[in-house]
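Peer 1: Below is one structure. I have some questions about it.
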Amino acid sequence: MKRFRALMILFVLLSCTAKTFASDDKGKIDAGNLIIGHITDSYSWHLFSVDEHHVCIPLPVILIHDGNFDVFMSSKFHHGECSYKGYKIVGGGTKKEHIVCVDEQDNVLLDAEGNEISPIDLSITKTAAGIMIATALLLVIFMLVCKSCKKNSGKAPKGLQSLVEILVLFIKDQVVYPIMGEKRTKKYLPYILTLFFFIFFCNIMGLIPLFPGGVNITGNICVTAVLAIITFLITTLSGNKHYWKDIFNTPGVPWWLKWGLPIMPIVEFVGMLTKPFVLCVRLFANMTAGHIVILGFITLIFIFGNMSPGLGYGVSVVSIFFSVFISALECLVCFIQAYVFAMLSTLYIAMATEEHHEEHEIEKA
């Protein structure tokens, strides 16, 4: 019965998303623009549409240009239809939204080389707002769990505390401790736990189509890149002499591959740089692909509906079924991707901080 209720709730949420799609179309569906527009960043938080009226939450726009510091809400652009203070939003659909400078006739200003003139953009976009909301909710959750731990000290955990403790112990006992050992676990466990819970929570938020969910945080390459760079910096700054020796003076390799023709140092150095790239792209690609598949199934309803209303209703049953199935699978992927990112970060840091002990011969001639 509980599983049936969960599936019905998921069905309703997907139906709400489908209604938003239906109100966005004007007789024809441009699947590419529709899907890309829902997974990319924007200057406002779209909630739903009624006919041609879009209900959105405006977000702060912060711009610096020619010594002017301008702060206003994105609603001044009227969904990109108007300019304000010499600025205008361009792009959308399959192109990323960005702000450019315009003249009094709303013509985009160009420099001497024919490129668009853009201000320094420090705006709070949908992704940035989503990160703030996710961080705030995580802080509230962990403050409540911490309070519960103090209150129920010596007793069996209950509710939210029980769930959080299971995840914390899983990451500690099954990921960090087996790879790092006791000493390094105490030092790096807080970072790995922060990384895991942030990614996992952002992944889950991206599956919920209703506010404050629906923002594709981990499907933004800039977000995953920053997380990967943080891991890279910790790995690099924590690396001991053995770590750097293995890169630039690899043991057991002929001298001519290290100094004469330095193939191995180059290979090892490139490998060091590709590790954060792998972290970044894996998380970004997996989360974005899941959203695109779900949105693709929902869009099919309106593509076939434009051909024939009966065909649209018939396809909707299949589309919603597969959307529910993929959404349930995405819940598992949310955990797996957070787990993999945390595990690989742990592995990279452990490799950089591992102590090499000298081996002494115990065999006698």
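Read-outs throughout are calculated quantities, based only on the coordinates presented, and are distinct from any laboratory measurement. Computed from a predicted structure; not experimentally measured. Here the Cβ positions follow ideal geometry from the backbone for every residue, glycine too, while neighbour counts run over all protein chains shown.
Peer 1: Using label points projected 7 Å from each Cα along Cα→Cβ, tell me how many nm separate ILE221 and ILE57, to one decimal.
Peer 2: 2.8
Peer 1: For CYS146 and LEU329 in one chain, what is 0.36 nm times their gap in residues minus the Cα-Cα distance, to one decimal in nm?
Peer 2: 62.8 nm
Peer 1: While we're here: Could you pull out every residue, at least 5 positions away or on a different chain, whose amide H is within less than 5 Å of the one on ILE62? Hs are placed 1.01 Å off N in the peptide plane, and Pro or chain starts have none.
Peer 2: LEU122, SER123, ILE124
Peer 1: Also, quick follow-up: Given a Förster distance of 22 angstrom, what is the FRET efficiency for PHE277 paired with ASN249, based on the Cβ-Cβ distance and rounded to 0.05?
Peer 2: 0.35
Peer 1: From zero up to wherever the largest Cα-Cα distance of segment 128-353 sits, split into 10 Å bins and tell me the percent of pairs in each.
Peer 2: 7, 24, 28, 20, 12, 7, 2, 0
Peer 1: Please list, in chain and number order, the residues 5+ apart from GLU97 or on another chain whose amide H is under 5 Å from its amide H, with Hs placed from the backbone.
Peer 2: Those lying under 5 Å, H to H, from GLU97 are GLY92.
Peer 1: Test of understanding: ordering GLU330, GLU97, GLU81 by Cβ neighbours within 10 Å, fewest first, what list do you get?
Peer 2: Going from least to most buried by this count: GLU81, GLU97, GLU330.
Peer 1: Further question: When Rg is the radius of gyration of the Cα atoms in segment 60-123 and Rh is its Kirkwood radius, what does Rg/Rh come to?
Peer 2: 0.94
Peer 1: Next up: With labels modelled as points extended 7 Å from the Cα through the Cβ direction, what inter-label distance (nm, one decimal) is found for LEU139 paired with VAL168?
Peer 2: 1.9
Peer 1: Shifting gears a bit: Assign unit charges at the C-beta atoms only (+1 for Lys and Arg, -1 for Asp and Glu), then state the dipole size of segment 60-123 relative to its Cα centre in Debye, rounded to the nearest 20.
Peer 2: Charge dipole, segment 60-123, about its Cα centre: 300 debye, nearest 20.
Peer 1: Right, next: What is the order of MET264, MET307, fewest Cβ neighbours within 10 Å to most?
Peer 2: Fewest to most other Cβ atoms nearby, the residues stand as MET307, MET264.
Peer 1: Next up: Could you list, in their original order, any pairs among LYS187/LYS241; LYS241/LYS275; LYS126/LYS147; LYS187/LYS245; LYS126/LYS186; LYS126/LYS172 whose Cα atoms are separated by more than 26 Å?
Peer 2: The answer is LYS126/LYS147; LYS126/LYS186; LYS126/LYS172.
Peer 1: Between PHE72 and ASP111, what is the spin-label point distance in nm, taking each point 7 Å from the Cα along the Cα→C-beta axis?
Peer 2: 2.5
Peer 1: Please compute the contact order of segment 58-201 in relative form: average sequence separation of alpha-carbon pairs under 8 Å and at least six residues apart, divided by the residue count, as a percent.
Peer 2: Answer for segment 58-201 is 16 percent.
Peer 1: Using amide H atoms built in the peptide plane, which far-off residues or other-chain residues are under 5 Å from LEU109 H to H?
Peer 2: The answer is CYS101, VAL102, ASP103, ILE117.
Peer 1: Pop out the ³J(HN,Hα) list for segment 314-322 in order, Karplus 6.51 cos²θ - 1.76 cosθ + 1.60 with θ = phi - 60°, rounded to Hz; leave Gly and Pro as x.
Peer 2: The phi angles translate into x, 5, 4, 4, 5, 5, 5, 4, 5 Hz.
Peer 1: Let me ask you something else. Give the residue list of trypsin sites (Lys or Arg not before Pro) in segment 58-162 that are DSSP loop and have at most 10 other beta-carbon atoms within 10 angstrom.
Peer 2: Loop-located and lightly packed - LYS155, LYS158.
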